[in-house]
Amino acid sequence: ISQERIKELKVDFTRFRMAYKFALDEMTTKLNILNEEFSYIHDYNPIEHISTRMKSPDSLIKKVLKKNIPLSFDHIKDNIRDIAGIRITCSFRSDIYQISEMIQSQRDIEVIDIKDYITNPKPNGYRSLHLILKIPVFMSDREESVFVEVQIRTIAMDFWASLEHKIYYKYNQEVPEELLIELKEAAKTASDLDKKMEDLHKKVAVIKQEKDDLIGDEMVN
Ligand code: 0O2
């Protein structure tokens, strides 16, 4: 392979990754706007935390080889949907679906796939709502349509997923059976906690509404 070709590949790779970085920047801005507006209307922030990540070149190559995808930027672009990843941690379960609806209703966002691992948790107990989206990125000489994977979960779901991920890697992906059972139980405990917090949240909303109504009545009288 010539020096010239290596130079070309470097330029192509940088431009390839840039489109995903810009897509993440765009999505982050969109989410910050939604969060700010939502908190103005409803008096609380549905989004606790947003994190973004670009798939590492190692992990990308591993996936490309595993899926038997030809080693070209075009094929990778068309077939790997999680090069750009964004994770949204919400306060309550109901926030997840509200945020998801708000994202889906944006005109420039194309919803490619939705995986609801909250309604249908994975056998190991994993819960999260995954959206596979395509968003346009406007570059100096072209428009690119870029895949972004959005994972939306509660703090409890995120806590469980982070620990499970660590354990999975600690045991080199061969976790002892009894630990798998305990992890599944822990996922159920996290889910029960989410339900409890959602109930509390609803009760607080009712009390707040009653108080507001009372203040409104007093002002009229
Ligand atoms: P990383 O390091 O987070 O990128 P596909 O991407 O469609 O080919 P799949 O398996 O259909 O593959 O996607 P799926 O099930 O929607 O999961 C994709 C991502 O969700 C994973 O990315 C994880 O981030 C997360 N995830 C899915 N299942 C689990 C789980 O059991 N435990 C934890 N902790 N996370 C999970 P990557 O590429 O595996 O890893």
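Derivation of every value follows stated rules applied to the coordinates shown; laboratory data play no part. Since this is a predicted model, take the numbers as computed values, not measurements. We place every Cβ from the backbone using ideal geometry, glycine too, and count neighbours over all the protein chains shown.
For segment 130-165, what are the residues that are within 13 Å of the ligand (Cβ to nearest atom), over 11 Å from the mean Cα position of the chain (by Cα) and not in a helix (DSSP H, G or I)? Selection gives Phe147 alone. Residues of segment 61-114 that are under 22 Å from Ala19 (Cα atoms) and polar (S, T, N, Q): Ser72, Asn79, Gln104, Gln106. Quick check on segment 62-76. Is at least one of its residues within 14 Å of the ligand (Cβ to nearest atom), within 13 Å of the chain's Cα centre (by Cα) and closer than 26 Å to Ser162 by Cβ? No, there is no match, as no residue in segment 62-76 is within 14 Å of the ligand (Cβ to nearest atom), within 13 Å of the chain's Cα centre (by Cα) and closer than 26 Å to Ser162 by Cβ. In segment 128-171, the residue that is farthest from Phe16 (Cα to Cα) out of those that are crowded, with 20+ Cβ neighbours inside 10 Å and of a type in the set (S, T, N, Q) is Thr154. Considered as a group, the residues in segment 46-56 that are more than 13 Å from the ligand (Cβ to nearest atom) and either assigned to a strand (DSSP E or B) or loosely packed, with under 12 Cβ neighbours inside 10 Å (or both) include one that is nearest to the chain's Cα centre (by Cα), and that residue is Ile50. Among the residues in segment 118-129, are any aromatic (Phe, Trp, Tyr), within 16 Å of the ligand (Cβ to nearest atom) and either in contact (Cβ under 8 Å) with a residue 24 or more places away in the chain or in a helix (DSSP H, G or I) (or both)? So far as segment 118-129 goes, yes, one or more of its residues are aromatic (Phe, Trp, Tyr), within 16 Å of the ligand (Cβ to nearest atom) and either in contact (Cβ under 8 Å) with a residue 24 or more places away in the chain or in a helix (DSSP H, G or I) (or both).
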